Amino acid sequence: MKKIINPNIGHEAEGYNCFACAPHNPYGLKMEFWEDGDDIVCLWSPDPNYESWVGTLHGGIQATLIDETAGWVIMRKFQTTGMTTSLSLKYRKPVATGAEHKVEIRARVREVKRTFVFMDVELKCDGEICTTADVTFFCFSQKRAVEEFNFLPYEVEE
């Protein structure tokens, strides 16, 4: 796996405070991403601050983890940005919280139709599939991504 470099870090993009991936957001998830062949992967520790029930990761946080990982597929694999148009989750098992537990979110492209990308995403905790998702993204043109959203290339570490 190769770590994806977050291009907004170091020369902080104006207004960059993403709840999911900004490392300086004190309330955020501080997600980091890797490229593993066709997959984009996030490895994350489920902090108890994001619980719903005692010892259980909130479903909305799971949705955020999945949605953000899908977004990084678009930014890395297609070198543009876009927006989620559909996010369908299946919660199969509870996700435990605490530093001893490890979460892996893995997203991959299933199909591309013109400007829409359809993805499969799964969230595992301690190696067990806990949540699966079908995600659809609308992709902006690369020109629009640069001009309107100050998009910077998403590269991997060597």
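For the reader, a short list of remarks on this structure follows.
- Per the listing Val73, Val41, Val109, the residue uniquely of a type in the set (Val, Ile, Thr) and farther than 25 Å from Asn150 by Cβ is Val41.
- Thr80, sole failed condition from (1) part of a strand (DSSP E or B); (2) surrounded by 15 or more Cβ atoms within 10 Å (Cβ to Cβ): (1)
- Answer residue from region 83-99, given it is surrounded by 14 or more Cβ atoms within 10 Å (Cβ to Cβ) and under 16 Å from the mean Cα position of the chain (by Cα) and is farthest from Glu147 (Cα to Cα) among those: Leu89
- Look at (1) among the polar types (S, T, N, Q); (2) at pLDDT below 95; (3) farther than 23 Å from Ile5 by Cβ and you find that Asn150 fails only one, number (3).
- A residue that is in contact with a Pro (Cβ under 9 Å, 6 or more places away or on another chain) and either at negative phi or of a type in the set (D, E, K, R) (or both) occurs nowhere in region 78-88.
- Any hit, region 48-60, residues being open to solvent by less than 60 Å² (accessible area, probe 1.4 Å) and within 27 Å of Arg114 (Cβ to Cβ): no
- Scope region 100-158; condition surrounded by 16 or more Cβ atoms within 10 Å (Cβ to Cβ), assigned to a helix (DSSP H, G or I) and of a type in the set (Phe, Trp, Tyr); matching residues: none
The values are calculated or read from the model by the stated rules, or taken from the named source; none is laboratory data. These numbers come from a predicted model, not from an experiment. Positions of Cβ are backbone-derived with ideal geometry, glycine not excepted, and every protein chain shown enters the neighbour counts. The accessibility values were calculated without ligands, DNA or RNA, using every heavy atom of the protein model including side chains. Shrake-Rupley method; radii C 1.70, N 1.55, O 1.52, S 1.80 Å.
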